[in-house]
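Engineer: Could you have a look at this structure, given as structure tokens, before my questions?
Taken together, the values in this text are just the output of simple stated rules run on the coordinates, not laboratory data. Given the structure is predicted, the values throughout are model-derived calculations rather than measurements. Methodologically, a virtual Cβ is constructed for each residue, glycine included, from the backbone with ideal geometry; neighbour enumeration extends over all protein chains shown.
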């Protein structure tokens, strides 16, 4: 069965190195928390807020060992007034037998406020 695994992180600056580093940290934490293998992933969508445009965050995922053939795509988040700024979100579509309530979603930095109910302290 395909399940969605969500994650989000914020950056302080719209700088390529910071965007890629934050994306890699978030991605690796999602993988670790759920013991995800690339071969079991159908696709990965990444979205960024309007204030992030210095890099494609998907670049980091494509560079990971075993992830070359996983479809990865970047897109823009809806520009809602007063929404969290400088935020990178990941939605990973993963083949797993886990129930939805067993999946560990990952929210880091200021993105914790997006889903405090899913964030383990």
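Engineer: Please state, rounded to one decimal and in Å, the Kirkwood hydrodynamic radius that the chain gives when every pair of distinct Cα atoms enters the mean of 1/r.
Structural biologist: After inverting the mean inverse Cα-Cα distance, the result is 14.5 Å.
Engineer: Listing 87, 74 from the residue with the fewest other Cβ atoms within 10 Å to the one with the most, what is the order?
Structural biologist: On the way: 87 21, 74 18.
By the 10 Å Cβ count, ascending, the order reads 74, 87.
Engineer: Considering Cα pairs under 8 angstrom that are at least six residues apart, work out the relative contact order of the range 2-118 and quote it in whole percent. Write out the running numbers ahead of the final one.
Structural biologist: Values: 216 pairs, mean separation 51.4, N = 117.
This gives 44 percent for the range 2-118.
Engineer: Now for a separate question. Comparing 72, 80, 39, which has the greatest mean-square fluctuation in the GNM of the chain with Cα pairs linked when under 10 Å apart?
Structural biologist: Highest fluctuation among the options: 80.
Engineer: Using a Gaussian network for the chain with springs between C-alpha atoms less than 10 Å apart, which of these wobbles most: 96, 106, 68?
Structural biologist: Maximum among the listed residues: 68.
Engineer: Related question: Hey, in the GNM for the chain with a 10 angstrom Cα cutoff, which one of 98, 46, 26 fluctuates hardest?
Structural biologist: Judging by the Gaussian network model, the answer is 98.
Engineer: Still on this structure, I have one more. Estimate the FRET efficiency between residue 12 and residue 80 by the formula 1/(1 + (r/R0)^6), using the beta-carbon distance for r and 22 Å for R0, to the nearest 0.05.
Structural biologist: On the way: r = 21 Å, r/R0 = 0.94.
About 0.60, to the nearest 0.05.
Engineer: Given a Förster distance of 22 angstrom, what is the FRET efficiency for residue 115 paired with residue 38, based on the Cβ-Cβ distance and rounded to 0.05? Numbers along the way, then the final one.
Structural biologist: Numbers: r = 25 Å, r/R0 = 1.13.
Using R0 = 22 Å, I get an efficiency of 0.35.
Engineer: Report the label-to-label distance for residue 102 and residue 51 in nanometres (one decimal), using points 7 Å from each Cα along the Cα→Cβ vector.
Structural biologist: 3.9 nm
Engineer: Ranking 110, 35 by Cβ neighbours within 10 Å, fewest first, what do you get?
Structural biologist: Numbers: 110 16, 35 10.
Ranking 110, 35 by Cβ neighbours within 10 Å, fewest first, gives 35, 110.
Engineer: Relative to the longest principal axis of the C-alpha atoms of the chain, give the angle of the C-alpha long axis of helix 16-34, reported between 0 and 90° and rounded to the nearest 10°.
Structural biologist: 30 degrees
Engineer: In deg cm²/dmol and to the nearest 500, what is the mean residue ellipticity at 222 nm of the chain if only DSSP H runs of at least 4 residues count, each as -39500 (n - 2.57), divided by the residue total? It would help to have the intermediate numbers written out before the result.
Structural biologist: Values: 2 runs with 24 residues, N = 121.
Helix-only estimate at 222 nm: -6000 deg cm²/dmol.
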